[in-house]
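Okay, so here's the structure we're looking at.
Read the figures in this text as sums done on the coordinates, not as results from a lab. The model shown is predicted, which means the values in this text are computed figures rather than measured ones. FYI the Cβ positions are ideal-geometry reconstructions off the backbone, even for glycines, and counts take in every protein chain you see.
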Amino acid sequence: MLLTLGLNHNTAPIEIREKLAFSPERLGQSLASLNQLSVIEEAAILSTCNRTEIYCDIAEHQTDELIAWLAIHHKLEEGSIREYLYSHTDYASIKHMSRVACGLDSMVLGEPQILGQMKTAYQQAGQAGTLGKYLGRLFQHTFQVAKKVRTDTAIGSSPVSIAFAGVKLAKNIFGDLKNQTALLIGAGETIELSAQHLTEQGIGRLIVANRTLEKAHAIASQGNGYAIEIKDIPEHLPEADIIISSTASSLPILGKGSVETAILKRKHKPMFMMDLAVPHDIEKEVGSLSDVYLYGIDDLKNIVDDGLQSRREAAEQAEDIIDIQVSHFETWIRSQNASQTIYQLRKNADECRQEQLQKALASIKKGQSPELVLERLSNDLTNKILHAPSSTLKQAAADNNIDLLSAAQEIFKLKK
């Protein structure tokens, strides 16, 4: 039975999610411990800041044993975590994994990072030796579904965060960002996300300004940039093609005068500015300068709202794709059940063949007529192979088991 057991941002507060998170450094040990459970055939663990999920092939009706292991592994009382957990089996589990990989179950609808995290979980389980035929195939299927959704829908193309919207707007204005310099003012989440998106878009240079140089450096280092203090902004402002500011300052950081000076030094080369702070970091009068394109948080909010609506529409298309692909995977699972039956049927027939062949060869060595030996071989082989199904069909007739008799007619292509 395929099973997903987990919790996420919808079912558990951050303090509970933190307690049930698996550290990357010890994930291999955790997988080994999980795989030692007698009820587990295969297993993988996905652990992010917003979700922890265990994917496994498990004996039926053994979910309680898995929950008990999860509690013991994290040194928690089982009763303290049960209310936050959800579980999905078979069809629901297959569908859930696809929805997670496509970003349909994420805090930010359609976010792409989760797919990379799932691929990491797959690789870690592979390295730990806890993947097998079914779960390994399910992960590969899930990645294919996510790729199809990304290709066939607009689930990830529209901005749904202020930071993302701002960076996308900058890219629309400048095109390729590899020759541009961005100045980020502040060190909060919005600035950190802006730095991440700019880096993903190939920004040429990144400068991060903050009152605390250490925080600025932590963000700048992610994008091969450098940090400066707030007081040094005027010195570096002429270098900046893109300025994104989001601080908690009660007074503006950039005034019209300092921007005018920077524009003159830039020989009127345009500057793109985003003021994402409340209250404003950039004086409104800056927007009146002819070589400055200034956008506020309200301007970007409209872009975000449009992006969310676009993603919701794409999500509906994605759900249809997932339903179709899940049914394909179920068909594959059912075919594996038939494969096992066919394998066992052929194995039994071959064992019977080998047994009768050895008897025939022994008879020929004793000098018996090859024609008689072959005649007996064919009769004995036919009787041996058909004995079990014949007995079963006789019993089916005695029990008036019409379904089994009809199935035999179909399987052996018998004329009625």
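Residues 122, 226, 55, arranged from fewest to most other Cβ atoms within 10 angstrom of their Cβ, appear as 226, 122, 55.
What length, rounded to one decimal in nm, is gained on full extension from residue 390 through to residue 414, with 0.36 nm per residue of separation minus their alpha-carbon distance?
On the way: separation 24, 0.36 × 24 = 8.64 nm, distance 1.35 nm.
Extending this stretch completely gives an extra 7.3 nm.
Taking the three principal axes of the alpha carbon atoms in the range 1-152, the coordinate ranges are 44, 34, 30 Å, sorted in descending order.
Quick check on the range 201-279: take the gyration tensor over C-alpha atoms, sort the square-rooted eigenvalues as a ≥ b ≥ c, and tell me if it's rounded (a/c under 1.5), prolate or oblate. Working shown, then result.
Numbers: a/c = 1.67, a/b = 1.17, b/c = 1.42.
Oblate, since a/c reaches 1.5 and b/c is not below a/b.
The alpha carbon centroids of the range 383-414 and the range 201-219 are separated by 77 Å.
For residue 335 and residue 92, FRET efficiency with R0 = 30 Å and r from the beta-carbon atoms, rounded to 0.05?
Working: r = 20 Å, r/R0 = 0.68.
Plugging the Cβ-Cβ distance into 1/(1 + (r/R0)^6) gives 0.90.
At a 10 Å Cβ-Cβ cut-off, how would you order 100, 108, fewest neighbours first? Let's see the in-between values first.
Working: 100 24, 108 15.
Ordered from fewest to most neighbouring Cβ atoms within 10 Å, 100, 108 come out as 108, 100.
Please report the net charge: other residues with Cβ closer than 9 Å to the Cβ of residue 246, K and R +1, D and E -1.
Values: positive: none; negative: 189, 275, 281.
Neighbour charge sum, excluding residue 246 itself: -3.
Restricting attention to the range 162-299, close to 0% of DSSP beta bridges with both partner residues there are antiparallel. Shown for 412, 22: other C-beta atoms within 10 Å of each C-beta, ranked fewest to most, produce the order 412, 22. Taking every C-alpha pair closer than 8 Å and separated by at least 6 residues, the mean separation divided by the residue count of the chain gives a relative contact order of 12 percent. Net length available on complete extension from residue 260 to residue 380 is 33.0 nm, with 0.36 nm assigned per residue and the Cα-Cα distance removed. The value for the chain of Rg(Cα) / (2.2 N^0.38 Å) is 1.50.
For a distance above 25 Å, tell me the whole-number percent of Cα pairs in the range 162-299 that qualify. Of all Cα-Cα pairs in the range 162-299, 14 percent lie more than 25 Å apart.
Can you work out the FRET efficiency for the pair residue 250 and residue 29, with r the C-beta to C-beta distance and R0 = 56 Å, to the nearest 0.05? Write down the numbers at each step before the final one.
Working: r = 50 Å, r/R0 = 0.88.
Between residue 250 and residue 29 the formula returns 0.70.
Relative contact order of the range 162-299: what whole-number percent is it, with Cα pairs under 8 angstrom and at least 6 residues apart?
Details: 259 pairs, mean separation 30.0, N = 138.
Dividing the mean separation by the residue count of the range 162-299 yields 22 percent.
In terms of distances greater than 31 angstrom between alpha carbons, the cross-link table entries 366/413; 119/168; 19/178; 19/148; 119/178 yield 366/413; 19/178; 19/148. If I take every Cα pair under 8 Å that is 6 or more residues apart in the range 350-416, average their sequence separation and divide by the length, what percent do I get for the relative contact order? Contact order relative to length: 23 percent. Given R₀ = 22 Å, FRET efficiency for residue 288-residue 173 by Cβ-Cβ distance, to 0.05? Approximately 0.75, to the nearest 0.05.
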